[in-house]
Amino acid sequence: MRKARKPRKRSPVGSIKSWHWIASAVCLIATLGFALTGITLNHASRVEATPTKTTFEMELPPAAHQALVKRQQELLQTTHSAEASLPSIFRQWYQQQAFGMRLTGVEAEWDMYEVYVGLPQAGGDRWFRVDLESGEFYQENIDRGWIAYFNDLHKGRNTSGAWVSMLDILAIIMLVYAITGLILLKRYAKGRKSTWPLVIAGLIIPWLFLMVPTHASEKDEVQLTLTIPALNVAEYHRPYVAIWLADGKHQRVQDLAVLYDGKMANREGEKWLKDIRQWWRRSGRSLEMPMDGVSGATKRPGTHTFNFSEVGALFKQLPAGDYFLNIEAAREVGGREHVVVPISLPIEPHEPILMKAQGEHELGLVELYILLND
């Protein structure tokens, strides 16, 4: 009779090989994705993209408007601003409009004049506000394109908790792939003398690049180029313009420039500043004009450049997140316009950024150039 063969013991090396190739197969596509988006993130300022902005403006139904005003009065009895959920009547109205998003569990920012809701998303942004006096609803959707979308997926920025958990799982699988690869290198390096020098080189070379000195002495550059269009109208007055930085909840962070007619007798020009409504509500009503370094004269039609280099230091100090450069213009016997340029912080040093926005009537092309240094 033939002897039964004893089952072969599984080699530890064989198990490590299995773990290695399984981990490599699972994380292959993710590794390629991380590598590609790593390149696009490192050179974000050189990858051109034209954000697509969609706006919605409408009057709220009386029932939804009254529900918001009632909630505002309840919240502001003890404080001038608060964060709280939206009333169900408004949430139902919002869901019925083709906005494609429920507001269940969403917190809104309330103050004496309006309610603001930020709805950031990967590759773009969405926010809306409601003027509690007039019931005017305004929503803005910004889509920055596929590259921005995949960049945000890389960082887990403005994504769901499920996506962040998946990134953690992929990171663990990549660790398994790297550790088993190191063990296999140790196993098969005996006949390959260049193995460990190459491993050590992979450790040392990145540190050598980190030792390259940076240009600490260079000055930050923050320039805003603003075009005021020439209008063919019978009566033309130069527009009043306010430029200010706001945070992700569209609350003022800093005023950068306020252009108005300060030469009118009895400071008559100051009363027209109220026509710059968004700025006035957030900042202007509490300020004493003129302000040193901020107030200036109105500008004639044409292209004007503003140097805000001192804001570079502010960008470095602010917490990471979404911010907005607001340019609002109002013209006597004319119209009003509000242009917003979104800014994501932090901004990488020595990586120039150029952002553009286009006005429609009171404002023309707006260009924001930022270059920060260490």
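Relative to the longest principal axis of the Cα atoms of the chain, the long axis of helix 146-155 makes an angle of roughly 60 degrees. Annotation: peptides 101-111, 128-138, ranked by per-residue average of other Cβ atoms within 10 Å with the highest first, follow the order 128-138, 101-111. Label sites at I22 and Q223, each approximated as a point 7 angstrom past Cα along Cα to Cβ, lie 5.8 nm apart. Within the listed set L68, L345, L28, the Gaussian network model of the chain (springs between alpha-carbon atoms below 10 Å) gives the highest mean-square fluctuation for L28. Loop-located GluC sites (Glu not before Pro) across region 244-345 with a Cβ neighbour count of 10 or fewer within 10 Å are E288, with loop assigned by DSSP. Working from the Cα coordinates of the chain, the gyration tensor eigenvalues give, after taking √(5λ), semi-axes of 53, 29, 17 Å in decreasing order.
What angle, in degrees between 0 and 90 and rounded to the nearest 10, separates the Cα long axis of helix 195-210 from the longest principal axis of the Cα atoms of the chain? Tilt of helix 195-210: around 20 degrees. Derived value for region 221-371: Kirkwood hydrodynamic radius 15.9 Å. Basis is the mean of 1/r over every pair of different alpha-carbon atoms.
Using the count of nearby Cβ atoms within 10 Å as a rough guide to exposure, how do K316, K190 rank from fewest to most?
K190, K316
Cross-link partners for K356 among the lysines, with Cα-Cα distance under 25 Å and sequence neighbours closer than 8 places in the same chain left out: K53, K155, K219, K249, K299, K316. Considering only L175, L203, L354, the mean-square fluctuation computed in a Gaussian network model of the chain, springs between alpha carbons under 10 angstrom, is largest for L203.
Per residue, the average separation of C-alpha pairs within less than 8 Å and at least 6 apart gives the chain a relative contact order of 15 percent. Taking label positions 7 Å along the Cα-Cβ direction at both H361 and K271, the computed distance is 2.5 nm, reported to one decimal. Basic side chains Lys and Arg get +1 at the Cβ, acidic Asp and Glu get -1 at the Cβ, and with that the dipole of the chain about its Cα centre reaches some 3880 debye. Mean-square fluctuations from a GNM of the chain, with a 10 angstrom spring cutoff on Cα atoms, peak among A297, A357, A63 at A63.
Which one of G135, Q96, S309 is farthest out on the positive end of the charge dipole of the chain, using unit charges on Cβ (Lys, Arg +1; Asp, Glu -1) and the Cα centre as origin? So the residue we want is Q96.
Rounded to the nearest Hz, the phi-derived 3J(HN,Hα) couplings of region 180-189 under the Karplus curve 6.51 cos²θ - 1.76 cosθ + 1.60 (θ = phi - 60°) are 5, x, 5, 5, 5, 4, 4, 5, 10, 7, where x marks glycine and proline.
Where a number appears in this text, it was derived from the coordinates with a stated rule and is not lab data. Values in this document were obtained by computation on a predicted structure and should not be read as measured data. Note that we place each Cβ from the backbone using ideal geometry, even for glycine, and neighbour counts take in every protein chain shown.
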